[in-house]
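Read the structure below first, then the notes.
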């Protein structure tokens, strides 16, 4: 098979933000690897929903979409003297360069102010762990300006607040809940489907981003990918949260980019729409990733390795591509999440190149499972002091530069099928052999999802397939 | 267990005495020394498990990383304690002995239990004896708390500078009515699977 008609130059990935938690942004990016091409996701699957926004600086389509959908949301509960906390999570800024998310947040504020007269609309920027993360995001995305100075950072180590739930007392972050109202400003990037199984994605931040570290630990240490959904849901369904939640908004995405903005006062209604979109928009690409026989993965982005995109799919989707995580007939057998997801570890990956990523999240298993080559000394220096991966450098090799690293990975992996995770949506930057491989696999994946898998996934979640159409 | 390869060093002239590093240190390796208005951070190098949380919270460039000439292993061997007591403590904590409790330091529940049986009675002592809590913190707080509480009862945390909360529920603690209210989460099914595995493990141990 030839790739005639699919030869496009590599696409430009989103800029990498300067941060204390990663190397200085690298000038040599994955797209510079000699001979690389880009493969639009629509050449694989023409019916992947088309985006209104692909990552450019002009975010007007996102603003217009947000204004349109917010017009049908009831904001009458918000009084001019009230305080509203708009809650955002760091991963939203990891999607298509983050500017669409920043625009959605700003538009929420503007619409609340315009419609209610309330001027105390604060943004709470919740980071993963690092104390400096919120400040970096606030500065880079000019959130201070967008929110007239009413912006606060938060991390899971900040002061907690008890929330009585069906699971007993769990702890959220005081900074999240100290307003009269909260607005849940989320996104539907499926991210780690292997730990949530696309069941109740809408409530996940209540048990993670908006929660104290002990609550996050509950999920990771004792619950499985399906049962773990209970923590976020228990908090979201608590009387306390229900009394505070004004409405929810989400960026609606597909592997092509941002499709729309959704909003609703009813958390369950927006959650069902989110689940349906995740299954229908991402199912084919996920199935395609499961079929990849062999590849070298290049990680080259501004987030933790698992969360860097290629064609709208995160590296984690490739890393755990061993099983169909959407299929609820597959039993997690009550295993805690780390053991439950191990069954999905990829046999397709033959080597990994790490050009740039953030530190602080454990990913040592990369080096245990695959030859791992770090592409520059700055990234290697970060890894030597990565408290979450103290033994990473015991197994990883360091190359002089990206191109040498890729050569080594291709040689050690025994394959020249290269896929670059660089934050791109809409297209994948890949080697020509990888493009051929994906194009060859796609038609059967499309048939399987259309005819068998999507109807099954929807039915398992009680979503009526005709209603989806 | 963790092979500690670095240690932190305080840059006295940059320290502004803000106390943030002391409040972040999981082993109590940092103490503020001096009268409250003049106190500066002082580190006990042997108690540092290289989590670098102090560096993260420091806004004054007052903490550096130094490479150790000889890295040292922070660990508690499970062979140093009575195997029966170890098994019983894990059972009482409601966690499987071989379950990973801290991914970053590769500490299992049984190592936490061994450390507690060897005398660790606070979060700080447990972190120092095992290397747990030196990484991402996403996993370790619940198993550390459950093992400590199972052995010493409710923890006296007054001397700790680190903020902690008492949540430590596990899957089996979820009430039946709550489990039944959310069938898509398969809570009953997973609880049953956990109980079956517990029984099988106990049977294996009894046979041995």
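Summary table
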| read-out | value |
| --- | --- |
| Neighbour-count ranking [beta-carbon atoms within 10 angstrom, fewest first] of A:415, A:249 | A:415, A:249 |
| The stretch A:24-178: antiparallel DSSP beta bridges as a percent of all, rounded to 5 | 35 |
| For chain A: relative contact order, % (alpha-carbon pairs under 8 angstrom, 6 or more apart) | 21 |
| Prolate/oblate/rounded call for the protein assembly as shown, Cα gyration tensor, a/c under 1.5 rounded | rounded |
| Beta bridge orientation in chain A: antiparallel %, DSSP, nearest 5 | 40 |
| Residue order, fewest to most surrounding Cβ atoms within 10 angstrom, among B:152, B:81, B:57 | B:152, B:81, B:57 |
| Between 0 and 90°, nearest 10: helix B:187-207 axis offset from chain B longest Cα axis | 90 |
| Per-residue Cβ neighbour rank within 10 angstrom, fewest leading, A:140, A:370 | A:140, A:370 |
| Residue of B:111, B:38, B:124 that the Gaussian network model of chain B assigns the largest fluctuation, springs spanning Cα pairs under 10 Å | B:38 |
| Pairwise Cα inverse-distance average, inverted: Kirkwood Rh of chain B (Å) | 18.7 |
| Contact order relative to length of chain B, as percent, for alpha carbon pairs under 8 angstrom and 6 or more apart | 20 |
| The stretch A:360-425, Cα convex hull volume normalised per residue, Å³ | 102 |
| Distance from the stretch A:269-343 to the stretch B:125-150 (C-alpha centre basis), Å | 29 |
| Volume per residue of the C-alpha convex hull in the stretch A:299-419, rounded to whole Å³ | 108 |
| For the stretch B:155-208, the Rg and Dmax computed from alpha carbons only, in angstrom | 16.9, 46 |
| Helical mean residue ellipticity (222 nm; -39500 (n - 2.57) per DSSP H run of 4+; nearest 500) of the protein assembly as shown | -10500 deg cm²/dmol |
| Gyration tensor (alpha-carbon) shape descriptor, the stretch A:174-277, a/c threshold 1.5 | oblate |
| Projected label distance in nm at residue A:343 and residue B:204, using a 7 Å step from Cα toward the beta-carbon | 1.7 |
| Rel. contact order, % - alpha carbon contacts under 8 angstrom, at least six apart, the stretch A:300-348 | 33 |
| DSSP beta bridges in the stretch A:180-292 [antiparallel fraction, %, rounded to 5] | 55 |
| Mean-position separation - Cα centroids, the stretch A:103-128 and the stretch A:424-465, in angstrom | 36 |
| Estimated Rh, the stretch A:91-242: Kirkwood, alpha-carbon pairs, angstrom | 16.1 |
| Tilt relative to chain B, helix B:83-93 - C-alpha long axis, 0 to 90 degrees, to 10 | 90 |
| In degrees, nearest ten, helix A:213-222 long axis to first principal axis of chain A (Cα) | 50 |
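Coordinate-derived values only; no laboratory data. Please read all numbers here as calculations on a predicted model, not as lab measurements. Here the Cβ is made from the backbone with ideal geometry for all residues, glycine too, and neighbour counts use every protein chain on show.
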